[in-house]
Each structure stands twice: as C-alpha cells, then as structure tokens.
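Working notes, beginning with the structure itself.
Just so you know, all these numbers are worked out from the coordinates, no wet-lab data involved. Note that the structure is predicted; figures quoted are calculated from it, not measured. A quick note on method: Cβ atoms are made from the backbone with ideal geometry, for glycine too, and the neighbour counts reach across all protein chains shown.
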Amino acid sequence: MNRGMFLKLIISFLFMPVFLSANNSIVIRDSVSTGIDSIKRLAVKDFMYADTKRATLDGNLPLIESDINAYYLGGFVAAYTTWFIIQHDLQMQTIWKERGDFHFLEDGEYALYSDKAGHFYGCYFTSYMMRECLVMTGLSWDWSNAVGTALGLGYSTYVEVLDGFATRWGFSPSDFYADVAGALLFYGQNYVPVLQNFTPKFTYIPADLHGQHKRCPADAMIDDYSSHTLWLSVNVHNMLPENMKDYWPSWIELSLGYAVRNLCSPGDCACTDGYAEKHYINDGNDIVYGDQKFIISLDYNLVKMLPDGPPVWNWFKQSLNYLKFPSPAVEFGDKTRFYLLYPFEIKF
C-alpha cells in the first residue's frame, strides 16, 4: 500500500462519525447576528456535565439544528490552520527531524507507559477544544460532538502517521489505541451521563523544579514525560446517595494519578545505576531508568470553586478544570510519601 492510499484510508475512517451523526440538517448564513429566540436550542437540563451546567464562549445554549455563521466558521478554519502549521513546523524541527520510510513500531515500554496516558488525554482534550469552537460556528450539538471528536482523533492520528516516518519513532499501535480511547470517552460523555463523573486531567511542572530529573532525551515539553502527571478526577459528590451528599463538599474531588519520574535511556544519555529504578524492556534486550509513581490526591472542581462571571470567564474556568493543580496527595512508589502540595515536597 502506498503512502497516499494509506492516508486516504485513515481520513475516511476518522470522519465516519460525521456521516453517522443523527442530525444532518445544515443551514449556512453570512450574518453575524442571530435571532436567538427563533432558533431551537438545547434545554438547560440537557446541557449539563455531571451536576454542573456547561458553559459556552458566548453564553448561549447549543443549537439543536445547525445554523452556520460563515464568519465564525471562517475564523475557526483560519485559526485551526495556523495552529496546525505552527505545530507541524515545530515538530518537524524536533521529534520528526530525522525521517525515513514509513514503519510500525510498538513502543509500549520505553517511557513505562506514561506516554500512553498522555495520548489518551491529548486526544480527549483536543476533541473538547474542537467541539467548543464548532459550537460557536453554529453547528448543532450533535454535529459539534461528532466532528469535534473526528478532528481530535484526526489530529492525533496525523501525529502518529508522521511518527511512522521518523527514524527514531514509528507508528505505534498502542499510541493509536490510547488516542481512540480518549476520543471514545469524550464522545461517550456527551450521551452517557455516568461517564461525566470521570474527568481526565493533566499536570506539567518541569521536573527540576521539584527535585527530579527531566526525561533524557527529550526534544520538547511534549515528550518530557518525567515532568508530566496524568490524572483521572472523580466527582465523588455527584456519585453519593442523596442522604450522604451533605458530608462531602461538592467542589472537592478525588484524583487518581500516574507519573514516571527520572526517565532516562542509557543508550542516549549518561545515566547509570542509582540514577533511578532500572527496568528491562523489549524482552530484556534494553534498559530504561525511571521511577513509577501512583498517586491519590484531593482535587478542586474549579467550575464550582470559582465564582461565575461573564460567558468567556465561565468557559475559561470550565476549560481550566481539565488541568490539575498542586494539592494534598499520597504518592506510592519505591516509598510512600505525603505531599501537602503535590508534586512539591514541603519539609518541616
């Protein structure tokens, strides 16, 4: 199969949700103003995330039937294209700078699976951002979810395909599976309410700021896995029986986290025994150093914790809630440690 045919198959698969979307009625207009009262929109009760009302950039509820604003759509396409070109150029100068023939490479162990959690979160959050922009263009709620998810998974798959041409990397099936899982969770949360009690979150704090080593080698923030922590935040309050909700503040959640600190590949960097825990990978043929960490942490629901304000502010704090900020935590690894503000170890 040649490169062009392969890319066509990938694109056809990614955009299948668009053609299967329940609502395919689209109107395109060139007016900036909207007759809000004359357009059918979701009811507030249908625009919730768990026990919290969602927010949009303009404060309006999403449309039931598409009514495209050509100006907003043009702005979205221009912004997306600009971002895509900048991101592509950056990665062509870093992780894709050495290229060859397309090939597959299963790389599940080289970062002790911390990168798989990153792929899951990355595809989930990209799908969210795409959906939010599409809602602003006047695309219906169902179409926005379908196309946003397709664009999120499409971008993640494009990255994986370009990895396939990089000599240091390859098209990793496990990366792709993690991308698909992130896209499926995002799409499913919009139609299966119980899934809304589980929110993926991400923390990036340079490892040297909290006494650890950054990953070696690392070309950019995106592959400095030693500075990443991936979380799944649980909305405990919403899952409790009604007679127990008063005992758990609604803005406090629990997060389960995974991180690998001090990642180092001895073939590329000067790391020896004592640098971190040694792991034999690739059926025992290679070695990677890294300290695996499992974390249980308190978390803040910023949508509930921060005050409401203008629509843009409400949307901003909703989006900010996909990041995890320092809070009390217990970390399990070579030792069990308590942190007042994870990952910073405060000594008394």
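So which chymotrypsin sites (Phe, Trp or Tyr not before Pro) in region 246-309 end up in coil per DSSP with only 16 or fewer other C-beta atoms within 10 Å? Don't jump to the answer; show the numbers that get you there.
On the way: sites: Tyr247, Trp251, Tyr258, Tyr275, Tyr280, Tyr289, Phe294, Tyr300; in loops: Trp251, Tyr275.
Within region 246-309, the qualifying chymotrypsin sites (Phe, Trp or Tyr not before Pro) (loop, at most 16 other Cβ atoms within 10 Å) are Trp251.
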Next item on the list: Grab the Cα-Cα distance for Tyr177 and Asp334, subtract it from 0.36 nm times how many residues apart they are, and report the gain in nm with one decimal.
Entry: 53.6 nm
Item checked: Cut-off under 5 Å, modelled amide H: who pairs with Lys201 long-range -> Trp231, Leu232, Ser233
Check: Once a ≥ b ≥ c are taken as the square roots of the eigenvalues of the Cα gyration tensor of region 141-189, is the result rounded (a/c under 1.5), prolate (a/b larger than b/c) or oblate (a/b not larger than b/c)?
Finding: oblate
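Once the piece of chain linking Val312 and Leu195 is laid out straight, how much longer is it, given 0.36 nm per residue of separation minus the C-alpha distance between them?
Difference between extended and current length: 39.6 nm.
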Item checked: Too-long pairs where the Cα-Cα distance tops 19 Å, listed order kept, from Lys201/Lys278; Lys201/Lys245; Lys201/Lys317; Lys45/Lys324; Lys293/Lys335; Lys116/Lys293 -> Lys201/Lys278; Lys201/Lys245; Lys45/Lys324
Next item on the list: Find how many whole Å separate the alpha carbon centroid of region 63-89 from the alpha carbon centroid of region 294-331.
Entry: 27 Å
Check: Considering only DSSP states other than H, G, I, E and B, which trypsin sites (Lys or Arg not before Pro) in region 165-257 qualify as loop sites with at most 12 other Cβ atoms within 10 Å?
Finding: none
Margin query: Between region 90-106 and region 151-174, what is the separation of their alpha carbon centroids in Å?
Written below: 9 Å
Item checked: chymotrypsin sites (Phe, Trp or Tyr not before Pro) restricted to region 132-207 and DSSP loop, no more than 11 other C-beta within 10 Å -> Tyr191
Margin query: Run the numbers for Val234 and Gln93: contour at 0.36 nm per residue of separation, minus the present Cα-Cα distance, in nm.
Written below: 46.9 nm
Margin query: Given a Förster distance of 35 Å, report the FRET efficiency between Thr81 and Ile287 from their Cβ-Cβ distance, rounded to the nearest 0.05.
Written below: 0.25
Next item on the list: With a ≥ b ≥ c taken as the square roots of the eigenvalues of the C-alpha gyration tensor of region 193-331, please select rounded if a/c is under 1.5 and otherwise prolate if a/b is larger than b/c or oblate if it is not?
Entry: prolate
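Applying 1/(1 + (r/R0)^6) with R0 = 22 Å to the Cβ-Cβ distance of Phe294 and Leu341, what FRET efficiency is obtained, to the nearest 0.05? Don't jump to the answer; show the numbers that get you there.
Numbers: r = 18 Å, r/R0 = 0.83.
The pair Phe294/Leu341 has a calculated efficiency of 0.75.
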Check: Under a Cβ-Cβ limit of 4.7 Å, which cysteines in the chain have nobody to pair with?
Finding: Cys123, Cys133
